[in-house]
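Structure, as structure tokens:
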Amino acid sequence: MNLIYWDHYYNGVLLLNLAIVVGVLVSLKFFSAAIIHVNPTRELSVRDNPAFGISLAGATLAIAIMLGGAIYGSPENNLMHSLMAVAGLGLLGILLMTITRLIFTKVTLPAISLRAEILAGNKAVAIADAGNVIAAAIIVYVVMIWVPGYSIESMLALLGGYAISQIFLTALTVARIKVFAKVRQGDCLQTQLKQGNIAIGLRFAGQKIGTALAMSTAAHIVVYEEYSVLPILLAWMVASAIVVAVWEALCLVAQRIILPGMDLNHEVIQDKNIAVGVLQAVICISIGLLISQL
């Protein structure tokens, strides 16, 4: 009786795939630094810049999550095809993370210069940035697992799922920013982040990640059909909207139960209460995680 299954070819491919993933992950430090034109060693060891460390850590975790989808399941029968697929998905993932950051700075938070704030050591902006890329990575990871194989149709579904998620997440975040300004009578969430309100940054990141986890539930609802990409993407969008609405309601209920009788906005905005901010973030992520497992 064999207690450990071992297939030389199969496990050899897996080990080579893992080596490619590790290589992509290690190169992220230099790739990320090249995008924002900084010296990572100087920022981390000379300036001791915590914001750069948080941002880089978020990007590293995001790429690791996304690469988990790239190496999920059985390898291709052909060794070269398998390696090319994993390497290609890894590079595609980094490209999608770059696009995610561009959308974040140009559309979601246009009043904030991500590079300038991170170099200035703004931890609140760095936390928001980390939450944003991690949320995008969760969606890419789920879509990679949801879409089998490496055909043209599957790549279209992957890119379509990413595009829909970014549109949905961006629209929802912009709506939250407008509601924030209306409720706070002109106060701006972007201003709070620029002023270094870590509590706001934590809540923002938690909401973003929680939303992405809730959206990932669509993979359990919508059945993938290789030759019906457009209909299934539309179904994905509808399912995501319904699940996110449920997630929002559950988050509100959970916050009222866990933090009863507390003015959460006052605690997070006026008092800059990091304890409340991180607890709200964890509630949002926890509810999203639980929903995604249903």
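Per-residue counts of other Cβ atoms within 10 Å, averaged by peptide: what ranking do you get for 170-182, 280-292, 255-267, highest first? Could you put the intermediate results ahead of the total?
Numbers: 170-182: 14.4, 280-292: 20.8, 255-267: 12.7.
Highest mean packing first, the order is 280-292, 170-182, 255-267.
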Residue-span extension gain [Ala111 to Leu156] - 0.36 nm each, minus C-alpha spacing: 12.9 nm
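Just rank Val143, Val46, fewest to most, by other beta-carbon atoms within 10 angstrom. List each step's numbers first, then the result.
Working: Val143 25, Val46 9.
The most exposed by this proxy come first: Val46, Val143.
If we sort 230-237, 59-66, 125-132, 89-96 on the protection proxy, mean other Cβ atoms within 10 Å, highest first, what's the order?
Numbers: 230-237: 16.8, 59-66: 22.0, 125-132: 27.8, 89-96: 19.8.
Top of the packing list down: 125-132, 59-66, 89-96, 230-237.
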Packing-ranked peptide list from 195-204, 241-250, 47-56, highest mean Cβ count within 10 angstrom first, is 195-204, 47-56, 241-250
How far apart, in nm, are the 7 Å Cα→Cβ label points at Leu252 and Ala87? 5.1 nm
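Every read-out reported here was derived from the displayed coordinates using simple, explicitly stated rules and does not represent laboratory data. As the structure is a prediction and not an experimental result, all values here were calculated from the model. Note that each Cβ is placed from the backbone with ideal geometry, even for glycine, and that neighbours are counted across all protein chains shown.
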